[in-house]
Amino acid sequence: MLALKPPPPPSTSAEFYMYLPSPLYSLEHLLKLLKLSADSKWLPFGKTIHAQLVTRNQTSKPIDITQVNSLINLYAKCGQISPARNLFDAMPVRNVVSWNALMTGYLRGGEHLDALLLFKNLVSSENACPPNEYIFSTVLSCCSDSGRIQEGNQCHGYLLKCGLVFHQYVKSALVHMYSRCFHADLAMRVLDTVPGHDVFSYNSVLNAFVESGRLGEGLEVLRRLMDERVVWDNVTYVSAMGLCAQIRDLQLGLGLHAQLLKNGLLFDVFVSSTLIDMYGKCGNVLNARNVFDGLQNRNVNVVVWTAVMTAYLQNGYFEDTLNLFMCMDQQDTLPNEYTFAVMLNACAGMATLRPGDLLHARVEKLGFKNHIIVGNALINMYTKSGCIDSSYDVFSDMINRDVITWNAMICGYSHHGLGKQALLVFHDMISAGESPNYVTFIGVLSACAHLGLVKEGFYNLNQLMKKFKIEPGLEHYTCIVGLLSGAGLLDEAENFMKTTQVKWDIVAWRTLLNACHVHRNYDLGKRIAESVLEMDPHDVGTYTLLSNMYAKARWWDGVVTIRKLMRERHIKKEPGVSWLEIRNDIHVFLSEGSNHPESVQIYAKVQQLLATIKPLGYVPNIAAVLHDVEDEQKEGYLSYHSEKLAIAYGLMKIPSPAPIRIIKNLRMCDDCHTAVKLISKVTNRLISVRDANRFHHFRDGLCSCADHW
């Protein structure tokens, strides 16, 4: 008996001849071998069978339709669409198998238009056979993959006319086509009007609602899936957990996880990564890690590793994210572009430059630098680590950019107080033909605020945003408040807030309050502070600003009242903390006190620096001290603010001309800002301070914020 097991592809030409079909094989066996060759995509073996068929047909009856259909199937499945089409065109008579075999070849090769033209020839030909449900499924798949909704609609009409729409196979393809073409409503109409339900149709509709952000309707489909007791597959669970992740419904996600375990479905890479992603987005990192730890062979799958790293990143566990990356390295799993993007964003969250630099080097080495997602993450990492020049180097080196790239650079410059550069990049963006979005104009308006460009700010808000059909939101209006406030137009800013129809949050009111503090408009500031505390009696920032204003005005009774109110409401002012990284070690400094092992030397260095800058005009700004004590004692309080201690230590340990990079949890006070400008001049060093509001780059006695923060 002849064995019909498909032969393995030969490793040598000698081996190839061992598998040549014998001339003694019957026609039936040759056709079976031809099918096996097509299924295994072994084209050379299939060609030898084709040759035997040609030889046989020269001495016997003409080649019949079944043989040609088998040959078309072979060439189509092996990606050789041209000989398949030649065979098809030479056929005197064709059946539905002939048409479908060639259409399927076009579909697999991504030549959707050719498949649709072939279908058009079929239905317009008088002598052609009528299309069946399999041909329509192929045609609808072409419409799905190419997004041709108009042709899909025409197919739908033809199906209704000939009654084939009631085939479950066709119905599923029709639902899938509408879902893939973002017409979920039409997909639902087919699902509801055509009898019979299958999991494939439900998966298509559910995924369409999730991808289009129509989460409420997606939830309704999920409820129907549960109520109608449709047997779920892995795709169903992936879509359902993706829905849970977007609506942040942990309880529903836990229920789906339990159902998944109960049904005993295989945890493939898609289910595992989606389950981890769901827990991460729902804020349950522990469950995400438990799922990850319970997987077998995880060391060979970068997708699952990246999913669990993303879960840690999204919940602010930046150091754990980097530690997981090292574990993945130890398992010899190579990262992909998404892994690098997650790692670089973790470095951005920690504002740690050295790990980011090392990752950048690996990106270059492994050839991922031209991936847009990696370039965007590099820009973000360098921006948040204080290296805006390095951000621009990455930006200018990128071959391809998307709107996120432009936004990262514009907002990065704005965050660093470099408004002019931000606006230049914005103009380059428009010139490049990239359409700005909601986020773009936050960066642009922020840049206008830094530069005090009131007219240009309002032009962007009222004209350009309307031109690009972008509805202004709270963030844009808050930037306008900052623009007016920074220009000293406090009454105009207050009037803008009163007349603009938007629900203002505390950030916007505090922006105006801070401007009152800067411009010493204490009466207006007091009124605004009282309004803010009515909105949120526990907003510690407002108490701090109000105390600062009272202290500057020497209203010591007001300072006492604020402190008493804070004690009664159990509100504690966050202590000032600054830190810097030196040789992979983080050094932390507290205001007015330090347990650093070199604190004696650090304090001495601070005194030396202050003595050096006094001849340059430095006078301690004792008005900012919130204590009713002697001036000499106030100077003592100012001398040992955390950023001064950190800068002194950096100058002691970091050799020139390397920059000093400091991070502070609170806004820099006026005195420290003035002092650091002069310290940068006398030491001839770049000193970068990232405070709660923005970056300050001090160089040659000047700050990048132009004294507006």
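The values are calculated or read from the model by the stated rules, or taken from the named source; none is laboratory data. The structure presented is a predicted model; accordingly, all values stated were derived computationally and were not measured. For neighbour counting, all protein chains shown are included, and Cβ atoms are generated from backbone atoms with ideal geometry for every residue, glycine included. These accessible areas exclude ligands, DNA and RNA; they are computed on the full protein's heavy atoms, side chains included. Shrake-Rupley method; radii C 1.70, N 1.55, O 1.52, S 1.80 Å.
Contact map, region 527-538: residues that are touching a residue at least 24 places away in the same chain (Cβ under 8 Å) paired with residues that are of a type in the set (D, E, K, R), Cβ distance under 8 Å, separation 6+ or inter-chain. Pairs shown: Ile528/Glu494; Val532/Arg510; Val532/Asp539; Pro537/Arg569; His538/Arg569.
Annotation: of all residues in region 417-442 being under 23 Å from the mean Cα position of the chain (by Cα) and within 23 Å of Gly488 (Cβ to Cβ), the one that is least open to solvent (accessible area, probe 1.4 Å) is Ala422.
Is it true that Tyr522 is modelled with pLDDT of 85 or more, open to solvent by less than 50 Å² (accessible area, probe 1.4 Å), touching a helix residue (DSSP H, G or I) at 6+ places or on another chain (Cβ under 6 Å) and not hydrophobic (A, V, I, L, M, F, W, C)? Yes, satisfied. When residues in region 124-144 are screened for being surrounded by 15 or more Cβ atoms within 10 Å (Cβ to Cβ) and part of a helix (DSSP H, G or I), 12 of them pass. Picking from residues in region 327-346 that are modelled with pLDDT under 95 and part of a helix (DSSP H, G or I), the one that is least open to solvent (accessible area, probe 1.4 Å) is Met328.
Selection within region 231-263: residues that are outside any helix (DSSP H, G or I) and open to solvent by less than 60 Å² (accessible area, probe 1.4 Å). The member of this set that is farthest from Ser201 (Cα to Cα) is Asp249. Does region 527-537 contain at least one residue that is part of a helix (DSSP H, G or I), under 33 Å from the mean Cα position of the chain (by Cα) and of a type in the set (Val, Ile, Thr)? Checking region 527-537: not a single residue is part of a helix (DSSP H, G or I), under 33 Å from the mean Cα position of the chain (by Cα) and of a type in the set (Val, Ile, Thr).
Out of Val97, Val68, report the one residue that is open to solvent by 70 Å² or more (accessible area, probe 1.4 Å), modelled with pLDDT of 90 or more and assigned to a helix (DSSP H, G or I). Checking each option against the conditions leaves just Val97. Any residue at all in region 156-176 that is outside any helix (DSSP H, G or I), under 32 Å from the mean Cα position of the chain (by Cα) and either of a type in the set (Ser, Thr, Tyr) or modelled with pLDDT under 90 (or both)? Among the residues of region 156-176, not one is outside any helix (DSSP H, G or I), under 32 Å from the mean Cα position of the chain (by Cα) and either of a type in the set (Ser, Thr, Tyr) or modelled with pLDDT under 90 (or both), which makes the answer no.
Among the residues of region 170-196, how many are under 17 Å from Val230 (Cα atoms), surrounded by fewer than 17 Cβ atoms within 10 Å (Cβ to Cβ) and of a type outside the set (Asp, Glu)? Counting residues in region 170-196 that are under 17 Å from Val230 (Cα atoms), surrounded by fewer than 17 Cβ atoms within 10 Å (Cβ to Cβ) and of a type outside the set (Asp, Glu) gives 2. Being modelled with pLDDT under 85 and closer than 19 Å to His450 by Cα is a property that does not hold for Val507.
Specify the residue that is nearest to His360 (Cα to Cα); the eligible residues are those in region 401-412 that are open to solvent by 20 Å² or more (accessible area, probe 1.4 Å) and either modelled with pLDDT under 95 or part of a helix (DSSP H, G or I) (or both). Break it down stepwise before answering.
Kept after step one, since they are open to solvent by 20 Å² or more (accessible area, probe 1.4 Å), are these residues of region 401-412: 401-404, 408, 411.
Imposing the further condition that a residue be either modelled with pLDDT under 95 or part of a helix (DSSP H, G or I) (or both) reduces the set to 403-404, 408, 411.
Details: Val403: 22, Ile404: 19, Ala408: 17, Cys411: 21 Å.
Checking each candidate, the answer is Ala408.
Within region 565-577, identify whether any single residue is assigned to a helix (DSSP H, G or I), closer than 30 Å to His519 by Cβ and touching a residue at least 12 places away in the same chain (Cβ under 8 Å), and answer yes or no. Yes - at least one qualifying residue is present in region 565-577.
Only one of Ala3, Ala38 is modelled with pLDDT under 90, surrounded by fewer than 12 Cβ atoms within 10 Å (Cβ to Cβ) and among the small types (Gly, Ala, Ser); which? Of Ala3, Ala38, the one residue that is modelled with pLDDT under 90, surrounded by fewer than 12 Cβ atoms within 10 Å (Cβ to Cβ) and among the small types (Gly, Ala, Ser) is Ala3.
Looking only at residues in region 362-375 that are part of a helix (DSSP H, G or I) and open to solvent by 60 Å² or more (accessible area, probe 1.4 Å), the one that is nearest to Arg401 (Cα to Cα) is Ile373. When His167 is tested against (1) open to solvent by 30 Å² or more (accessible area, probe 1.4 Å); (2) of a type outside the set (Lys, Arg); (3) under 19 Å from Asp89 (Cβ atoms), only condition (3) is not met. Every listed requirement among (1) under 40 Å from the mean Cα position of the chain (by Cα); (2) exposed (fewer than 15 other Cβ atoms within 10 Å of the Cβ) is met by Lys564 save one, (1).
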